[in-house]
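What follows is a short report on a single structure.
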Amino acid sequence: MSAPVLEACGIGAAYGTRRRPVTALHPADFALHAGESVAVIGRSGAGKSTLAEIVLGLRAASTGHVLVHGERFCGAGRTPHAARRHLVQGVPQDAGASLPPRVPVRASIERALARLGVPGDPSARIRAAADTASLDPALLERTPRRLSGGQAQRAAIARAVAVGPDVVVADEPTSALDAATSAGLADALLSLPARTGGALLLVTHDDALAARCDRVLTVRDGVVEQTR
Ligand SMILES: Nc1ncnc2c1ncn2[C@@H]1O[C@H](COP(=O)(O)OP(=O)(O)OP(=O)(O)O)[C@@H](O)[C@H]1O
């Protein structure tokens, strides 16, 4: 197998105070390889979002670190360097968490590209990303408020993909959608590794969706193990 794109090395999380820490995630080791999809499943409160937020660099781990292409991406008490933030991008449960509701989608993506210092022609990147996300390009000119839930989630996928990440982390991206819309979005997400060459880490409560991923990580009371 090829060298991992991303390696989680003993990443853990604790809440509470220094005197009375509460463990949300016990130190976990796992790797993601180019072109693969890995599901993260587990009961509510098990620690799935905590794991996803650490991998994204949104939440500082209390132990361990994350490597991307063998180089430190983030680690205990440290968030990613601005120049490397583009390497791991997220698709949230609600597109509103990654796209401002009153800004046209295209402008939001242009801002993200500028903020992250992504080189190249923004128009070409955005066009290709919309295609990857199966988002009608005409919808790029709308604000998220004028998109359906499924369209907004596709816009969030396009935003994440436009940046050119090596890993996309999606945290329950289909849970707010009806069954038909959810199925279409799942197809778009699961096609990402083949289309982009990157890896997909997909947090889901949907066992059928997890079954379509190449591997499954199960989180039980903050303990992560590979179950398939
Ligand atoms: N800021 C916080 N302070 C205290 N406890 C927290 C905090 N954030 C999360 N937790 C606790 O850590 C545990 C893991 O939470 P997490 O959100 O990662 O679970 P989850 O598996 O994603 O749940 P769900 O499926 O309901 O989203 C839970 O017990 C939660 O209550």
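The values are calculated or read from the model by the stated rules, or taken from the named source; none is laboratory data. Predicted model only: the values in this text are computed from it and were never measured. Reconstructed Cβ throughout: ideal geometry from the backbone, glycine too, with neighbour counts over all protein chains shown. Note: areas computed on protein heavy atoms with side chains; ligands, DNA, RNA excluded. Shrake-Rupley method; radii C 1.70, N 1.55, O 1.52, S 1.80 Å.
What the table shows:
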item: Residues of the stretch 122-162 that turn out to be within 14 Å of the chain's Cα centre (by Cα) and either open to solvent by 10 Å² or more (accessible area, probe 1.4 Å) or polar (S, T, N, Q) (or both), as a count; result: 4
item: Residues that are part of a strand (DSSP E or B) and among the hydroxyl-bearing types (Ser, Thr, Tyr), drawn from the stretch 11-43; result: Tyr15, Thr23, Ser37
item: Among residues of the stretch 44-70, those that are open to solvent by 40 Å² or more (accessible area, probe 1.4 Å), closer than 27 Å to Ser191 by Cβ and either assigned to a strand (DSSP E or B) or within 9 Å of the ligand (Cβ to nearest atom) (or both), counted; result: 2
item: Qualifying residue in the stretch 194-215 (condition: open to solvent by 70 Å² or more (accessible area, probe 1.4 Å), touching an Asp or Glu at 6+ places or on another chain (Cβ under 8 Å) and away from the ligand (no atom under 16 Å from the Cβ)); result: yes
item: Failed item in (1) out of contact with any Ser or Thr (no Cβ under 6 Å at 6 or more places or on another chain); (2) modelled with pLDDT under 95, with Gly57 passing the rest; result: (1)
item: Residue that is farthest from Arg59 (Cα to Cα), among those in the stretch 80-108 that are of a type in the set (S, T, N, Q) and open to solvent by less than 20 Å² (accessible area, probe 1.4 Å); result: Ser108
item: Of residues in the stretch 1-28 being within 26 Å of Ala194 (Cβ to Cβ) and out of contact with any helix residue (DSSP H, G or I) (no Cβ under 8 Å at 6 or more places or on another chain), the one nearest to the ligand (Cβ to nearest atom); result: Glu7
item: Selection status of Gly35, under 20 Å from the mean Cα position of the chain (by Cα) and open to solvent by 50 Å² or more (accessible area, probe 1.4 Å); result: no
item: Pick from the stretch 1-18, criterion over 18 Å from the mean Cα position of the chain (by Cα) and over 23 Å from Val223 (Cβ atoms), ranking: most open to solvent (accessible area, probe 1.4 Å); result: Met1
item: In the stretch 163-193, residue nearest to the chain's Cα centre (by Cα) [restricted to those that are among the acidic types (Asp, Glu) and surrounded by 15 or more Cβ atoms within 10 Å (Cβ to Cβ)]; result: Asp171
